[in-house]
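Q: There's a structure below that I have some questions on.
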Amino acid sequence: MENNDLQELVSQISLEYFQKPFKHQAIFNKRLRTTGGRYLLNSHNIEINPEQLNHFGEKALIDIIKHELCHYHLHLEGKGYQHRDKDFKQLIQLVDAPRFCKPIKSYDERANYVYTCTKCKLKFKRIKKVNTQKYRCGRCGGKLKIVSKIN
C-alpha cells in the first residue's frame, strides 16, 4: 500500500464512520516505532506506522485510522481530543475504534537491560537504564545490580 492508497482509505473511513471529510494529508512514517499512528496538532496530518499493516493486516490499519480520526475530528471541533477526555472516550466507542494498538514487539523484545536483585535473585528486564543507587527491588527491597546490556 502506498501513501496515495492510504490517503484514499483515510478519506473513505472518515466519511463512512464520521460523516465528515478528511481535508488534510495521511502518510506512512516508517520512523514510528512504538506507536501505530499519530495525529499532528499543528498540521492536522495523520502519520501511520507501516509495520502495523505488515504485522497485523488491514483490519488493524483501519482501527488505527479510526483512532487517529477521532483525535482529528475532535481537535478541529474544539472538543476534548486527548485519550483521557470524555469526548474522546465516547467517540472511540461510537465508531468502535481501539484506545490502543497492539505493540509490534513485546516488552521482552524491546528490553535493553537486565538487572538482578542481590538479595532475592529476582531478574528484571528494563527498556531504560535504572539508577541502581536510587531504586530497589520491588519484591524484597534489596539492591539492584546490572547483569547485562542487551543489544
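Q: For LEU15, state whether it is under 24 Å from GLN90 (Cα atoms) and open to solvent by 70 Å² or more (accessible area, probe 1.4 Å).
A: Details: under 24 Å from GLN90 (Cα atoms): yes; open to solvent by 70 Å² or more (accessible area, probe 1.4 Å): yes.
Yes: the conditions hold for LEU15.
Q: Among GLN82, GLN93, GLN7, which is part of a loop (DSSP other than H, G, I, E, B), farther than 30 Å from LYS149 by Cα and open to solvent by 20 Å² or more (accessible area, probe 1.4 Å)?
A: Values: GLN93 fails: part of a loop (DSSP other than H, G, I, E, B); GLN7 fails: part of a loop (DSSP other than H, G, I, E, B).
The match here is GLN82.
Q: Could I ask something else about it? Could you please find all residues in the range 96-112 being over 20 Å from ILE65 (Cβ atoms) and either of a type outside the set (S, T, N, Q) or not in a loop (DSSP other than H, G, I, E, B) (or both)? Walk me through how you get there before you give the answer.
A: Going through the range 96-112, the residues over 20 Å from ILE65 (Cβ atoms) turn out to be 105-112.
LYS105, TYR107, ASP108, GLU109, ARG110, ALA111, listed by residue number.
Q: Do you know which residues across the range 25-69 are among the β-branched types (Val, Ile, Thr) and part of a helix (DSSP H, G or I)? Please lay out each step first, then the result.
A: So the first thing to find is which residues in the range 25-69 are among the β-branched types (Val, Ile, Thr), and the list is 27, 34-35, 46, 48, 62, 64-65.
Scanning the range 25-69 gives ILE62, ILE64, ILE65.
Q: Condition first: farther than 21 Å from ASP96 by Cα and open to solvent by 40 Å² or more (accessible area, probe 1.4 Å). Now tell me which residues in the range 30-43 satisfy that. Can you show your working first?
A: Within the range 30-43, the first condition is being farther than 21 Å from ASP96 by Cα, and the residues that meet it are 30-34, 40-43.
Hits for the range 30-43 are LYS30, ARG31, ARG33, THR34, LEU40, LEU41, ASN42, SER43.
Q: Would it be correct to say that PRO50 is in contact with a Lys or Arg (Cβ under 8 Å, 6 or more places away or on another chain) and either of a type in the set (Ser, Thr, Tyr) or surrounded by fewer than 19 Cβ atoms within 10 Å (Cβ to Cβ) (or both)?
A: On the way: in contact with a Lys or Arg (Cβ under 8 Å, 6 or more places away or on another chain): yes; either of a type in the set (Ser, Thr, Tyr) or surrounded by fewer than 19 Cβ atoms within 10 Å (Cβ to Cβ) (or both): yes.
Considered against the rule, which asks whether it is in contact with a Lys or Arg (Cβ under 8 Å, 6 or more places away or on another chain) and either of a type in the set (Ser, Thr, Tyr) or surrounded by fewer than 19 Cβ atoms within 10 Å (Cβ to Cβ) (or both), PRO50 comes out as yes.
Q: Then there is this: Given the criteria under 30 Å from TYR107 (Cβ atoms), surrounded by fewer than 17 Cβ atoms within 10 Å (Cβ to Cβ) and at pLDDT 95 or above, does ILE27 qualify?
A: Details: under 30 Å from TYR107 (Cβ atoms): yes; surrounded by fewer than 17 Cβ atoms within 10 Å (Cβ to Cβ): yes; at pLDDT 95 or above: yes.
Taking the combined requirement at face value, the residue satisfies it.
Q: Find the residue count for the range 114-144, including only residues that are in a strand (DSSP E or B) and surrounded by fewer than 11 Cβ atoms within 10 Å (Cβ to Cβ).
A: Initially, the range 114-144 is screened for residues in a strand (DSSP E or B), giving 114-117, 123-126, 136, 143-144.
Going one step further and asking which of them are surrounded by fewer than 11 Cβ atoms within 10 Å (Cβ to Cβ), we end up with 123.
Looking only at that region, the number is 1.
Q: Here's another thing I want to ask about it. Looking at (1) in a strand (DSSP E or B); (2) within 30 Å of SER11 (Cα to Cα), which one does VAL147 not meet, given that it meets all the others?
A: VAL147 satisfies every listed condition except (2).
The values are calculated or read from the model by the stated rules, or taken from the named source; none is laboratory data. Treat the numbers as computed from the prediction; the structure is a model and nothing was measured. Quick reminder, even Gly has a Cβ in these numbers, built from the backbone with ideal geometry, and neighbours come from all protein chains shown. Please note that ligands, DNA and RNA were not included when accessible areas were found on the heavy atoms of the full protein model with its side chains. Shrake-Rupley method; radii C 1.70, N 1.55, O 1.52, S 1.80 Å.
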